[in-house]
There are 2 protein chains.
Amino acid sequence: MTFSSKLIEKAVESFATLPGIGRKTALRLVLHLLKQDKSVTEQFTAALVAMREGLRECRICHNLSDEEVCQICADARRDRSIVCVVESVRDLMAIEDTGQYRGLYHLLGGIISPIEGIGPADLNIDSLMLRLQEGTVREVVMAISPTIEGETTVYYLSKKLQPLGVQVSVIARGVSFGGDLEYADELTLGRSIAARLPYNR
Amino acid sequence: MTFSSKLIEKAVESFATLPGIGRKTALRLVLHLLKQDKSVTEQFTAALVAMREGLRECRICHNLSDEEVCQICADARRDRSIVCVVESVRDLMAIEDTGQYRGLYHLLGGIISPIEGIGPADLNIDSLMLRLQEGTVREVVMAISPTIEGETTVYYLSKKLQPLGVQVSVIARGVSFGGDLEYADELTLGRSIAARLPYNR
């Protein structure tokens with residue numbers, strides 16, 4: 001693509017660094033911004049900068065948060081006796097969208113994957129153990145994508161949690177095998193949380 | 001989609017205002033930026049702000065430009081006797097990408113479209129007339145999309161340019177290279193037969 005403007009070229013290249021956005025799409029987005037008022041670009045960039053500057057990890061559950069403790073952990077109406085273990089913030093959001101779950105969360109920050117060199121030490125497991133040792137939590141729900149890596153992670157965690165005497169459950173297999181939790185429809189995902197089963201191996 | 005963070009929510013909504021980007025894609029882009037270093041977001045937003053602040057219209061051809069006169073108009077190696085009339089900067093870029101054209105351009109900023117309420121007065125036609133009256137330009141190439149509105153615009157312009165004694169040409173229409181004859185639309189195929197050319201190799 002030939003640009004007669006360095007400013008456009010830089011803006012297009014910036015957009016094109018984002019995942020799933022090629023140079024043609026990037027150009028379309030840039031030309032869209034140019035058609036709008038200057039304030040649109042200013043608001044857009046200000047929102048991104050504010051997010052990148054202001055966001056931090058929740059001290060308790062590792063969720064992305066505006067404050068030291070995230071909205072979910074700080075919400076007094078949520079059931080503090082149950083913790084749902086998820087891989088990432090996207091999975092947390094998918095579960096929140098079902099409206100079926102009123103407990104707390106714990107974000108692992110990934111799953112065990114020898115191929116990608118991710119071991120238990122790279123995940124937020126120590127902080128989970130500390131949370132559980134406080135004694136408030138009676139049940140841990142594993143809401144991990146049912147892939148090979150996911151199953152491995154669930155197995156590892158269930159072994160690790162056994163001495164604590166906490167009830168460990170997994171979301172029901174309404175979610176298709178090999179599927180990504182994030183793309184499951186709300187009904188299936190909601191039911192699979194409501195119909196969670198005791199985890200026995 | 002439920003967000004536990006206002007900062008993420010605002011960033012996602014900002015991305016989702018862009019054409020072709022829904023809330024799921026917007027979230028993916030936001031989470032991508034969060035995974036990167038802060039400087040990535042800073043460079044990204046700086047490039048957009050710089051573009052939106054710095055870009056202007058070329059005084060001569062209405063192309064988007066960093067300076068008062070765009071790189072193409074300022075390029076002494078380009079043929080000043082020929083001007084290619086295009087609808088928008090995207091069409092200009094598409095022609096530049098072919099590497100087949102070494103003349104100048106004139107951007108109309110749209111095409112005549114009674115349905116959308118765009119008349120000749122809304123387009124950069126007066127400035128084109130002024131350019132042509134200077135006497136340097138010998139040929140005007142109409143590179144307008146062959147739609148009903150495009151044809152109308154070409155017809156209007158050709159009538160308007162007639163008194164100036166400038167050669168007016170249109171880009172060739174026909175079956176596209178690599179295209180299957182069988183799948184070409186009837187109008188294109190019909191015209192390409194009617195407008196057949198002597199075969200010289």
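Overview of values
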| quantity | calculated |
| --- | --- |
| Label-point gap, in nm, between B:Asp79 and B:Ile115 - each point 7 angstrom along Cα→Cβ | 3.6 nm |
| Loop-resident sites, the stretch A:1-88, for GluC sites (Glu not before Pro), counting at most 15 other Cβ within 10 Å (DSSP) | A:Glu67, A:Glu68 |
| Loss of accessible area when B meets A, both sides summed, Å² nearest 100, probe 1.4 Å | 5100 Å² |
| Net charge of neighbours whose Cβ lies under 12 Å from the Cβ of A:Val86, counting Lys and Arg as +1 and Asp and Glu as -1 | -3 |
| Inter-label distance, nm, simple model (7 Å from Cα along the C-beta direction), A:Arg90/B:Leu187 | 4.2 nm |
| A:Phe44 accessible area, 1.4 Å probe, all protein chains in place, Å² to nearest 10 | 10 Å² |
| Candidates B:Thr188, B:Thr152, B:Thr25, ranked by Gaussian network fluctuation over chain B, Cα under 10 Å, top entry | B:Thr25 |
| In the stretch B:110-201, GluC sites (Glu not before Pro) in a DSSP loop with at most 12 other beta-carbon atoms within 10 Å | B:Glu116, B:Glu134 |
| For chain B, built as a Gaussian network whose Cα springs stay under 10 Å, the top-fluctuating residue of B:Arg138, B:Arg78, B:Arg173 | B:Arg173 |
| Most mobile of B:Val154, B:Val12, B:Val166 in a GNM of chain B (Cα contacts under 10 Å) | B:Val12 |
| The protein assembly as shown: calculated mean residue ellipticity at 222 nm from DSSP helix runs of at least 4, using -39500 (n - 2.57) | -13000 deg cm²/dmol |
| Rounded accessible area of B:Met129 (nearest 10 Å², 1.4 Å probe) | 30 Å² |
| Using a 7 Å Cα-to-Cβ projection, A:Gly135 label spacings across copies, nm, ascending | 10.0 |
| Positive-end residue of B:Asn124, B:Cys61, B:Thr152, charge dipole of chain B with Cβ unit charges | B:Cys61 |
| Formal net charge of residues neighbouring A:Asp75 (Cβ-Cβ distance under 14 Å; K, R +1; D, E -1) | 0 |
| Antiparallel DSSP beta bridges within chain A, percent to nearest 5 | 25 percent |
| For the stretch B:141-163 and the stretch A:1-44, distance of Cα centres in Å | 30 Å |
| DSSP bridge orientation in the stretch B:23-127 - percent antiparallel, rounded to nearest 5 | 40 percent |
| Antiparallel bridges, percent of DSSP beta bridges restricted to the protein assembly as shown (to nearest 5) | 25 percent |
| Calculated label separations, B:Ala195, copies of the chain, 7 Å along the beta-carbon direction, nm | 6.3 |
| FRET efficiency, A:Thr152 to B:Gln43 (Cβ-Cβ, R0 60 Å, nearest 0.05) | 0.95 |
| Cα-based shape type of chain A, given that a ≥ b ≥ c are square roots of the gyration tensor eigenvalues and the cut on a/c is 1.5 | prolate |
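The values are calculated or read from the model by the stated rules, or taken from the named source; none is laboratory data. All of these numbers come straight from a predicted model, not from anything done at the bench. Neighbour counts run over all protein chains shown; Cβ positions are idealised from the backbone, glycine included. Ligands, DNA and RNA are excluded from the accessible area calculation, which covers all protein heavy atoms including side chains. Shrake-Rupley method; radii C 1.70, N 1.55, O 1.52, S 1.80 Å.
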